[in-house]
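The values are calculated or read from the model by the stated rules, or taken from the named source; none is laboratory data. All of these numbers come straight from a predicted model, not from anything done at the bench. In this analysis, Cβ positions are derived from the backbone assuming ideal geometry, glycine residues included, and neighbour counts consider all displayed protein chains.
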Amino acid sequence: AEIKAGGNIILQRGIQGRKRGILEAGGDVVAKYIENSTVRADQNIIIADAVMHSQLYAGKKIIIEGKKGLLAGGSSRAGEELKAKVIGSPLSTYTEIEVGIDPELKKMFQEVNEKIESIDMDIHKARQALNMMEKLKEKGLLTKGKEKLMEKLRHTNETLICQREKAIEKKEKIEALLKYSNLAKVSAINVAYSGVNIIIGNAQMKLKDKIEHVTFYNHEGQIKFRPFEE
């Protein structure tokens with residue numbers, strides 16, 4: 001099943017996706033349960049009973065606090081907050097949670113870093129070729145064809161430098177937005193089990209023991225926890 005909507009998606013029950021179910025909403029996604037599915041919401045994902053072995057992406061919050069309020073398996077990413085009654089399972093089911101970064105923003109950050117790396121490599125190649133041409137010119141061995149090529153390389157080098165400056169500017173803007181990510185939090189109203197991997201902004205923690213009634217947060221690049229708070 002695949003459902004896409006510009007606004008909210010509200011399911012009376014839920015979705016058992018058999019790893020093929022996809023829900024995409026420009027607003028919120030509201031359902032009783034999600035199983036083996038991929039759910040993307042620009043705003044919030046609000047689930048009553050359980051989320052099992054699914055991929056969740058919410059621009060703002062993921063809230064799972066109905067009757068069971070269970071989140072086990074899969075990976076869940078939210079821009080601001082994830083809150084569930086129970087996170088993980090007594091069997092230490094690997095459950096990944098990432099909050100504080102809009103998934104799209106993180107993707108953009110990775111892409112701009114890759115672009116800068118690629119431009120740097122191209123600049124290095126262009127400069128190597130230019131140096132070789134300069135040596136030929138000094139020896140009076142530069143043909144007219146090579147002179148044209150040298151001019152072309154200079155132009156390419158200038159264009160690449162300009163592209164790099166723009167990419168760096170974009171990276172700095174994204175980095176400024178990512179700093180807010182450290183204000184995000186993950187809460188287990190009842191319990192979070194071992195096997196849960198929590199990422200908040202630039203910090204990470206894998207739970208080795210179960211912790212009850214807890215809120216996890218990022219403090220100066222480290223994940224700390226305190227008694228559960230709304």
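Contact annotation: residue pairs with Cβ atoms under 7 Å, 6 or more positions apart or on different chains, pairing a residue in the stretch 103-121 that is within 13 Å of LYS171 (Cβ to Cβ) with a partner that is modelled with pLDDT of 95 or more and polar (S, T, N, Q), are ILE119/GLN163. Restricting the stretch 189-224 to residues that are over 27 Å from PHE109 (Cα atoms) and charged (D, E, K, R) leaves a set whose member that is surrounded by the fewest Cβ atoms within 10 Å (Cβ to Cβ) is ASP209.
On inspection, SER54 qualifies as out of contact with any helix residue (DSSP H, G or I) (no Cβ under 7 Å at 6 or more places or on another chain) and in contact (Cβ under 8 Å) with a residue 24 or more places away in the chain.
Can you go through VAL29, VAL112 and tell me which one is β-branched (Val, Ile, Thr), buried (at least 16 other Cβ atoms within 10 Å of the Cβ) and not assigned by TED's automatic domain parsing to the domain that holds GLU220? Step through it out loud before you land on a result.
Details: VAL29 fails: not assigned by TED's automatic domain parsing to the domain that holds GLU220.
Checking each option against the conditions leaves just VAL112.
Scanning the stretch 132-186 for residues that are farther than 30 Å from VAL196 by Cα, among the hydrophobic types (A, V, I, L, M, F, W, C), out of contact with any Leu (no Cβ under 8 Å at 6 or more places or on another chain) and at pLDDT below 90 yields one hit, LEU141. Look at the stretch 138-151: where a residue is without any contact (Cβ under 8 Å) to a residue 12 or more places away in the chain and a partner is surrounded by 10 or more Cβ atoms within 10 Å (Cβ to Cβ), sitting 6+ places away or on another chain with Cβ atoms under 8 Å, you get LEU142/MET133; LEU142/LEU136; LEU142/MET150.
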